[in-house]
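Data block below; observations after.
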Amino acid sequence: MERDLVQLPKLPVGDIIVAFVDWIEQYFGWLLDGISAVLGFLIGGLQDLLLAVPAPILTLIAAALVWVVTRRDIKLAGLTALGLLLIWDLHLWNLAMLTLALVLVSTIVALAISIPLGIAAAGNDTINAALRPILDFMQTMPPFVYLIPAVIFFGLGNVPGTIATVVFAMPPALRLTNLGIRQVPIELIEVADAFGSTPQQKLFKVQLPVALPTIMAGVNQCIMLALSMTVIASMIGAGGLGYQVLVGIQRVNIGMGFEAGLAIVIIAIILDRITQSLMPRYYERQ
């Protein structure tokens with residue numbers, strides 16, 4: 001005879017979360033509306049700016065930018081032009097510009113939050129200890145889970161997609177900023193102290209320049225994660241190439257999904273090469 005299992009009382013976790021969400025919307029609804037308005041303005045404004053420039057001209061500008069930052073790598077500049085012209089030829093230009101706007105805004109917001117927090121964590125062990133489990137939680141959480149609070153607080157559209165992307169892309173930049181500053185040789189810190197440098201001078205003239213390669217690696221990872229989130233964010237209404245991929249999956253349209261995915265890859269490669277090429281040029285100017 002099987003024993004009846006003792007049923008434990010269910011903890012009201014769901015009810016607590018619902019009450020917490022209602023409390024936030026009641027007392028901080030104005031703040032959420034303000035964030036939504038600012039992000040919507042930035043995304044829409046950047047998209048309009050990109051679309052205001054004819055595709056061939058913007059392609060030439062992008063190729064020239066790649067040529068400059070990659071130290072006159074004519075092959076990479078040519079491939080950049082060919083890739084962007086391919087996106088234009090596939091009639092995906094408008095969607096690509098929206099995706100680029102979403103990625104750039106998400107990356108800027110993520111870096112504006114993560115780099116100062118990384119600097120603070122590098123200079124304070126208490127802050128570092130407090131941030132570590134939060135970052136572990138953020139990096140082990142499945143990306144789809146980020147969509148839930150974004151939808152709850154911001155509804156559907158590009159703004160909640162951007163919010164979810166920011167949260168998803170922040171941890172690498174924060175960790176690598178913290179790591180880069182902590183890896184600055186102690187001898188350099190002692191020399192700066194010996195010359196009577198203030199904490200601000202030591203940070204901006206010693207620690208950040210030395211840690212810049214590691215920080216730029218975090219920036220690169222932040223951009224790549226933001227691009228990887230475009231398809232997932234399309235599930236809550238974010239537009240652009242990610243939504244095109246989602247529609248292709250839903251309709252089992254292999255061609256549509258592959259073309260949009262190829263356009264995302266082209267944008268990712270261009271942004272990756274630009275960020276990787278910034279560091280050598282920075283040190284050549286020193």
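Every number here is computed from the coordinates shown, using simple stated rules; none is lab data. Please read all numbers here as calculations on a predicted model, not as lab measurements. Because the Cβ atoms are built from the backbone with ideal geometry, glycine has one as well, and the counts that use them run over all protein chains shown.
Is the shape of region 1-62 best called rounded, prolate or oblate, per the rule: a/c under 1.5 gives rounded, else a/b larger than b/c gives prolate, else oblate, with a ≥ b ≥ c the square roots of the Cα gyration tensor eigenvalues? Let's see the in-between values first.
On the way: a/c = 10.03, a/b = 2.42, b/c = 4.15.
Verdict is oblate for region 1-62.
Please report, in debye to the nearest 20, how large the charge dipole of the chain is about its Cα centre when each Lys and Arg carries +1 at its beta carbon and each Asp and Glu carries -1 there. List each step's numbers first, then the result.
On the way: 14 positive and 17 negative charges, 157 e Å.
Dipole size: approximately 760 debye.
Quick one, could you list the DSSP H helices from the chain stretching 15 Å or more along their long axis (Cα atoms) with average Kyte-Doolittle hydropathy of 0.5 or above?
Qualifying helices, which must be both long enough and hydrophobic enough, are 13-52, 55-69, 74-89, 93-123, 158-182, 208-228, 254-284.
How big is the C-alpha Rg of the chain next to the rule-of-thumb value 2.2 N^0.38 Å, as a ratio?
Against the compact-globule rule of thumb, the ratio is 1.19.
With label points built 7 Å along Cα→Cβ from the Cα atoms of ARG71 and LEU85, find their separation and express it in nm.
Placing both labels 7 Å beyond Cα along the Cβ direction yields 2.8 nm.
Only Lys, Arg, Asp and Glu count, each charged at its Cβ (+1, +1, -1, -1), so figure out the dipole size of region 130-286 about its Cα centre, rounded to 20 debye.
Dipole magnitude for region 130-286 comes out near 100 debye.
Name the residue farthest towards the positive end of the dipole of region 65-196 from the options LEU179, VAL191, ASN124, assuming +1 on Cβ of Lys and Arg, -1 on Cβ of Asp and Glu, about the Cα centre.
Final value for the positive-end residue is LEU179.
From the P(r) of region 3-159, could you give the percentage of C-alpha pairs in the tail past 21 Å? Present the calculation step by step, with values, prior to reporting the outcome.
On the way: 8290 of 12246 pairs.
Tail of P(r) above 21 Å: 68 percent of Cα pairs.
Please label the shape of region 92-144 as rounded, prolate or oblate, based on the square roots a ≥ b ≥ c of the eigenvalues of the alpha-carbon gyration tensor (a/c under 1.5 means rounded; beyond that, a/b larger than b/c means prolate, else oblate).
oblate
Per the Cauchy relation, a quarter of the hull surface: what is the mean projected area of the convex hull of the alpha carbons in region 88-217, in nm²? Before the final figure, lay out each step's value.
Numbers: hull surface 41.2 nm².
Reported value for the Cα convex hull: 10.3 nm².
Summing -39500 (n - 2.57) over the DSSP H runs of n ≥ 4 in the chain and dividing by its residue number, what mean residue ellipticity at 222 nm do you reach, to the nearest 500 deg cm²/dmol?
Taken over the chain, the calculation gives -27000 deg cm²/dmol.
Can you figure out the FRET efficiency of TRP23 with ALA130, using R₀ = 22 Å and their beta-carbon distance, to the nearest 0.05?
On the way: r = 23 Å, r/R0 = 1.05.
Computed FRET efficiency for TRP23 and ALA130: 0.40.
How much length is gained on full extension from PHE195 to ILE57, taking 0.36 nm per residue of separation minus their Cα-Cα distance?
Numbers: separation 138, 0.36 × 138 = 49.68 nm, distance 5.05 nm.
Once the chain is fully extended between PHE195 and ILE57, it gains 44.6 nm.
Longest exposed-loop-site-free stretch of the chain, with trypsin sites (Lys or Arg not before Pro), DSSP loop and at most 14 other Cβ within 10 Å?
73-250
What percent does the relative contact order of region 44-101 come to when contacts are Cα pairs within less than 8 Å and at least six residues apart?
Numbers: 37 pairs, mean separation 24.8, N = 58.
Once normalised by length, the contact order is 43 percent.
Among VAL210, TRP67, ILE108, whose Cα sits farthest toward the positive end of the charge dipole of the chain (+1 at Cβ of Lys/Arg, -1 at Cβ of Asp/Glu, about the Cα centre)?
Positive-most Cα among the choices belongs to TRP67.
Quick one: which residues, 5+ away or cross-chain, put their amide H under 5 Å from the amide H of THR70? H built at 1.01 Å from N.
Answer set, sorted by chain and number: none.
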